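S.K.: Questions regarding the structure given below will be posed in turn.
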Amino acid sequence: MSRVRSKDTKPEMRVRRLVHGMGYRYRLHATDLPGRPDLVFRPRRKVIFFWHRHDGCKRNRIPKSPERHDFWREKLNGNARRDRLNQTALDDLGWGVLVIWECEAKNLDRVASRVTAFLG
């Protein structure tokens, strides 16, 4: 677990370069907002999160250590619950939220159109 990065992952860096290249300026990991969003567009009151492990994705799996299977299942499910609560809290504060899944970051054209529609 210590080697799993929480920031500056390759998919996140690809999207950050894309968004910057599109002319949008942002702040990173705002500690004053619920969930510490990955990209924060304060004047627009919008945030972008980069998430992993969504339903239906081939990369959505629980680590293979059999003796810790229950721990991992509860931890990853707890992370998903926390993410939903943070997204609801941001909605309640009037912030727009866009979630970009790790596997979506491979198709930068699709990400660009989603970001444009979101921030437009």
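S.K.: Per DSSP H run of at least 4 residues, take -39500 (n - 2.57); add these up for the chain, divide by its residues and hand me the 222 nm value, nearest 500 deg cm²/dmol. Show your work: numbers first, answer last.
M.R.: Numbers: 3 runs with 48 residues, N = 120.
When only DSSP H runs of four or more count, the value is -13500 deg cm²/dmol.
S.K.: Something else: Only bridges whose two residues both fall in the chain count here: according to DSSP, what percent of them are antiparallel, nearest 5?
M.R.: Values: 5 of 11 bridges.
So the antiparallel bridges in the chain amount to around 45 percent.
S.K.: Same structure again: Starting from the Cα-Cα distance between residue 31 and residue 45, subtract it from 0.36 nm times their residue separation and give me the gain in nm to one decimal.
M.R.: Result for the pair: 3.6 nm of gain on full extension.
S.K.: With +1 on each Lys and Arg Cβ and -1 on each Asp and Glu Cβ, how big is the dipole of the chain about its Cα centre, in debye rounded to the nearest 20? List each step's numbers first, then the result.
M.R.: Working: 28 positive and 14 negative charges, 80 e Å.
Value, rounded to 20: 380 debye.
S.K.: Which entry in (i) 0.98; (ii) 1.14; (iii) 0.93 is this structure's computed Rg/Rh (Cα atoms, Kirkwood Rh)?
M.R.: Looking at Rg/Rh (Cα atoms, Kirkwood Rh) for this model, the match is (i).
S.K.: Turning to a different aspect of this structure: With a 1.4 Å probe and all protein chains left in place, how much accessible area per residue does the chain have, in Å²? Don't skip to the answer; put the middle values down first.
M.R.: On the way: 7990 Å² over 120 residues.
So the chain comes to 67 Å² accessible per residue, rounded to a whole number.
S.K.: Once a ≥ b ≥ c are taken as the square roots of the eigenvalues of the Cα gyration tensor of region 3-48, is the result rounded (a/c under 1.5), prolate (a/b larger than b/c) or oblate (a/b not larger than b/c)?
M.R.: Oblate, since a/c reaches 1.5 and b/c is not below a/b.
S.K.: What full-extension length gain, to one decimal in nm, is calculated for residue 71 and residue 13 as 0.36 nm per residue of separation minus the Cα-Cα distance? Walk me through the intermediate numbers first.
M.R.: On the way: separation 58, 0.36 × 58 = 20.88 nm, distance 2.97 nm.
Computed gain between residue 71 and residue 13 is 17.9 nm.
S.K.: For the chain, modelled as a Gaussian network with Cα springs under 10 Å, which listed residue fluctuates most, 71, 41, 49?
M.R.: Its mean-square fluctuation being the largest, the pick is 71.
S.K.: Hey, another quick one. Using a/c under 1.5 as the rounded threshold, could you call region 51-91 rounded, prolate or oblate? The axes a ≥ b ≥ c are square roots of the C-alpha gyration tensor eigenvalues, and prolate needs a/b larger than b/c, oblate otherwise.
M.R.: Oblate is the answer for region 51-91, as a/c is 1.5 or above yet b/c matches or exceeds a/b.
S.K.: Accessible area of the chain with a 1.4 Å probe: how many percent of it is carbon plus sulfur?
M.R.: Within the chain, the accessible surface is 49 percent carbon and sulfur.
S.K.: Can I ask one more? Using only the Cα atoms of region 60-120, build the gyration tensor, take square roots of its eigenvalues as a ≥ b ≥ c, and label the shape rounded, prolate or oblate: rounded if a/c is under 1.5, else prolate if a/b is larger than b/c, else oblate.
M.R.: Working: a/c = 7.88, a/b = 1.56, b/c = 5.05.
Oblate, because a/c is 1.5 or more while a/b does not exceed b/c.
The values are calculated or read from the model by the stated rules, or taken from the named source; none is laboratory data. These figures come from a predicted structure and were not determined experimentally. Note that we place each Cβ from the backbone using ideal geometry, even for glycine, and neighbour counts take in every protein chain shown. The accessibility values were calculated without ligands, DNA or RNA, using every heavy atom of the protein model including side chains. Shrake-Rupley method; radii C 1.70, N 1.55, O 1.52, S 1.80 Å.
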